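Taking it in order: structure first as structure tokens, then the write-up.
None of the figures in this text is laboratory data; all of them are computed from the coordinates on show. Please read these numbers as outputs of a predicted model, since none were measured by experiment. Virtual Cβ from ideal backbone geometry, glycine too; neighbours counted across all protein chains shown.
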Amino acid sequence: MPAKTNNEYGYINIEDSVIATIAGLSAMESYGIVGMASKSATDGFFQLLKWENLSKGIKVYTRDDEVEVDLHVILEYGVRISVVAENIIEKVKFNIENLTGLNVTMVNIYVQGIRVEK
């Protein structure tokens, strides 16, 4: 369901996929994140999504001009998970609110895996 705002000139509808793309690109700017995760329904494994599929690891819930975002991420080994998650939350919230004018009520981070470099 698209987010709706109105002003003196008319209505603005912003699709959830647009908000998900903003959230994905914002999250990828954060230090310590490897990428977004997508769960395969058949085998239960999480796979790392490529740049063009970032929004598949993101769920967006909209109510009028309020937005809630769930991000499923994979982080680098050795980073402090809580600090990286807080940075992601701040960037996603800031960018969505500034680019769309919508109020972000909640950003939930689900760490689906840790990637170890060889």
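With n ≥ 4 as the cut-off for DSSP H runs, can you work out [θ] at 222 nm for the chain, using -39500 (n - 2.57) per run divided by the number of residues, rounded to the nearest 500? The partial results should precede the final answer.
Numbers: 2 runs with 33 residues, N = 118.
For the chain, the value works out to -9500 deg cm²/dmol.
In degrees, nearest 10, range 0 to 90: what is the angle between the Cα axis of helix 16-28 and the longest Cα principal axis of the chain?
40 degrees
Cut-off under 19 Å on the C-alpha distance; same-chain residues fewer than 8 positions from LYS56 excluded. Which aspartates and glutamates are left, in chain and number order?
Excluding near neighbours in sequence, the set is GLU15, ASP16, GLU29, ASP43, GLU68, ASP70.
Separation between the GLU76 and ASN108 pseudo-spin-labels, each 7 Å from Cα along Cα→Cβ, expressed in nm?
2.8 nm
Please list, in chain and number order, the residues 5+ apart from TYR110 or on another chain whose amide H is under 5 Å from its amide H, with Hs placed from the backbone.
Here the answer is LEU71, HIS72, VAL73, since their amide H atoms fall under 5 Å of that of TYR110.
Placing +1 on the Cβ of each Lys and Arg and -1 on the Cβ of each Asp and Glu in the chain, which of SER30, ILE74, ASN95 has its Cα farthest towards the positive end of the resulting dipole?
ILE74
Could you state, as a whole-number percent, how many of the C-alpha pairs of the range 53-118 are farther apart than 16 Å?
On the way: 1073 of 2145 pairs.
Of all Cα-Cα distances in the range 53-118, 50 percent exceed 16 Å.
Tell me, what ³J(HN,Hα) does each residue in the range 8-14 have, in order and in whole Hz, if you take phi through Karplus 6.51 cos²θ - 1.76 cosθ + 1.60 with θ = phi - 60° and put x for Gly and Pro?
Result, rounded to whole Hz: 5, 9, x, 9, 10, 10, 10.
State the extension gain, in nm to one decimal, for the chain segment bounded by GLU29 and GLU117, taking 0.36 nm per residue of separation less the distance between their alpha-carbons.
Values: separation 88, 0.36 × 88 = 31.68 nm, distance 1.93 nm.
Taking 0.36 nm per residue and subtracting the Cα distance, the gain is 29.8 nm.
Helix 81-100 against the longest principal axis of the chain: what's the angle in degrees, Cα atoms only, rounded to the nearest 10?
30 degrees
Would you kindly state the longest site-free stretch of the chain, with sites defined as GluC sites (Glu not before Pro) in a DSSP loop (not H, G, I, E, B) surrounded by at most 14 other Cβ atoms within 10 Å? Walk me through the intermediate numbers first.
Numbers: sites that count: GLU8, GLU15, GLU29, GLU117.
My reading of the result: 30-116 is the longest stretch.
To the nearest 0.05, what FRET efficiency results for PHE94 and TYR11 with a Förster distance of 30 Å applied to their C-beta separation?
The calculated FRET efficiency here is 0.75.
Using a simple charge model, +1 on the beta-carbon of Lys and Arg, -1 on the beta-carbon of Asp and Glu, nothing else, what dipole does the chain show about its Cα centre, in debye to the nearest 20? List each step's numbers first, then the result.
On the way: 11 positive and 16 negative charges, 95 e Å.
Dipole about the Cα centre, nearest 20: 460 debye.
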